[in-house]
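Below is one structure, written out as structure tokens; comments come after it.
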Amino acid sequence: MDLLSLVQGINGILWNYVLIFLLCGTGIYYTFRLRFVQVRLFGTAFKHAFGDLKLFGERAGNEGMSSFQSLATAIAAQVGTGNLAGAATAIAMGGPGAIFWMYLAAFFGMATNMAEAILGQVYKTRDDHGQVTGGPAYYIRDGFGSPAMAAFFSVAIIVALGFIGNMVQSNSIADAFHTAFGFPHLGVGVALGVIAAFVFIGGIGRIASVTEKMVPLMAGLYLVGGLVILVFHAGQILPAFKAIFVGAFNPAAATGGIIGATMRQAMRYGIARGLFSNEAGMGSTPHAHAVAKVRMPAEQGLMGIVGVFIDTFVVLNMTALVILCTGVLDGKTTGIALTQAAFTVGMGNFGNPFVAFCLLFFAFSTIVGWYFFGEANVKYLFGTKGLMPYRALVVGFIILGATLKVDLVWELADTFNGLMVLPNLVALIGLFKVVAKAVSEYEEDGRLKAH
């Protein structure tokens, strides 16, 4: 057995079985123990997120960033190529019913992400330059009491997101622009590297400034494009939802046999791709939520609910509906090619460039978010002296990733993603009482204000 086959085998067990049960189990545990907090506080969460929306907020600094800037940085990482390619892959491999299981995983994931954001706030600290920082490494060490698990998590996330993950993102952009416009892969990679370096060197202030503008604009552009297509295919919207719900339990019936998936495959691909997209429980987004300037930890916990909802129920769901309503599902095409085919049917010759530009924004915003998450862990392991070498390495990986697509590298990205989840979930379960106390104090504060 070669190394690639070995890593693929490990990923098959890790992502298709172990992590599905652990991630969903943690979400179910938090949902029931917190009495369906994602339903009870859903309206409050959206009011808190968008009640004072600003595209030009106060510049972030040593004290952190605003609550919305933190949410935007988290969503920047969550909304990436998975929203364009991940949904398409799930449908192609598991049928339309895979989307139902994506919904379900995201519903429970909202509770998990809230818990992560709260713990990020409770255990945040300052680096050796006085800058607020935080994330799972800090709550694993200081809350759960395991420096060894914290160090393991930090190494895994730096490799998974900062290095290999950002290669994946730059490769997706380069491929899309080469297909749509014929641009050379290396030229796209160098351009991405230069722009990324400019953002990274600007620190937390520039990162917050970029994400608070880019995220609303890119999501708005994509949703408007998708809605235009759905208007012209309005007669297919109800059949699409029927296919999603029927296909969850009978995939063959939902596609007339085009997709030969079983219910188990629909569940497997839907949950795995959904969790990979919204990142609930993976330990990535708490780094952004930790640096938010809020009065109470649970206030930022609400942003965790909003982040997962926007990623899955809004953006990813739009991709799924466009694919199903345009009738491009053929049992052969998958990934970004299936999404491009759907938008080409809906928009004509403009469809391919439209997807390429959306992919640019989605993937580049993820590069910024993932860089920031890795940065927090570089500081945890090496202090601020490790930042310049880390920035240089990330830029190098971005350029390399645009030109190089090696299956083993991509499989290793999935492996390290999986490895970083394990210590985070152990800590999440172990620190339940801390989360429950923060939610209780927030709700009690609200009741006191009401009186």
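The values are calculated or read from the model by the stated rules, or taken from the named source; none is laboratory data. This one's a predicted model, so the numbers in the text were calculated from it and none came from an experiment. Here Cβ is always computed from backbone atoms with ideal geometry, including for glycine, and neighbour counts include all displayed protein chains. Surface areas here come from the heavy atoms of the whole protein model, side chains and all, with no ligands, DNA or RNA. Shrake-Rupley method; radii C 1.70, N 1.55, O 1.52, S 1.80 Å.
Odds and ends about this structure:
- Label-point gap, in nm, between LEU238 and LEU408 - each point 7 angstrom along Cα→Cβ: 5.4 nm
- This model, with +1 at the C-beta of Lys and Arg and -1 at the C-beta of Asp and Glu, gives region 73-218 a dipole about its Cα centre of some 100 debye.
- Only helices reaching 20 angstrom along their own axis (Cα) with mean Kyte-Doolittle hydropathy no lower than 0.0 count here, and for the DSSP H runs of the chain these are 19-33, 97-122, 166-181, 185-201, 203-232, 351-382, 387-403, 407-430.
- Take region 196-254 with all the other protein chains still there, run a 1.4 Å probe, and you get 45 Å² of accessible area per residue.
- If you take the Cα centroid of region 396-417 and the Cα centroid of region 304-344, the two points sit 24 Å apart.
- Separation in nanometres of the label points that stand 7 Å from Cα toward Cβ, at ARG35 and VAL314: 2.8 nm
- Divided by 2.2 N^0.38 Å, where N counts the residues, the Cα radius of gyration of region 279-414 comes to 1.30.
- Reachable lysines from LYS405, criterion Cα separation under 28 angstrom, eight or more residues apart if same chain: LYS332
- The chain, relative contact order in percent, only Cα pairs under 8 angstrom and at least six apart counted: 36 percent
- Sum of side-chain charges, VAL421 neighbourhood, beta-carbon under 13 Å (Lys, Arg +1; Asp, Glu -1): -3
- Rounded FRET efficiency, nearest 0.05, which uses the C-beta distance separating LEU3 from PHE46 and R0 of 45 Å: 0.45
- Those lysines that a straight Cα-Cα span of less than 28 Å connects to LYS293, excepting residues fewer than 8 apart in one chain: LYS47, LYS54, LYS124, LYS213, LYS379, LYS385, LYS433, LYS437, LYS449
- Length gained when the stretch ARG264-LYS213 is fully extended (0.36 nm per residue, less Cα-Cα span): 14.3 nm
- Over the chain - Rg/Rh using Cα atoms and the Kirkwood inverse-distance radius: 0.95
- Comparing Cα centroids, region 282-297 and region 173-220 end up 24 angstrom apart.
- Taking a ≥ b ≥ c as the square roots of the Cα gyration tensor eigenvalues, region 267-319 comes out prolate, since a/c reaches at least 1.5 and a/b is larger than b/c.
- Cα-based convex hull volume of region 254-354 per residue, rounded to whole Å³: 132 Å³
- Relative to the Cα centre, the charge distribution of the chain, modelled as +1 at Lys and Arg Cβ and -1 at Asp and Glu Cβ, gives a dipole magnitude of about 560 debye.
- Share of carbon and sulfur in the accessible heavy-atom surface of region 216-372 [1.4 Å probe, %]: 69 percent
- For region 198-326, the average shadow cast by the Cα convex hull is 10.2 nm², which is a quarter of the hull's surface.
- Eigen-decomposition of the gyration tensor built on the alpha-carbon atoms of region 364-451 gives equivalent ellipsoid semi-axes of 37, 17, 14 angstrom, largest listed first.
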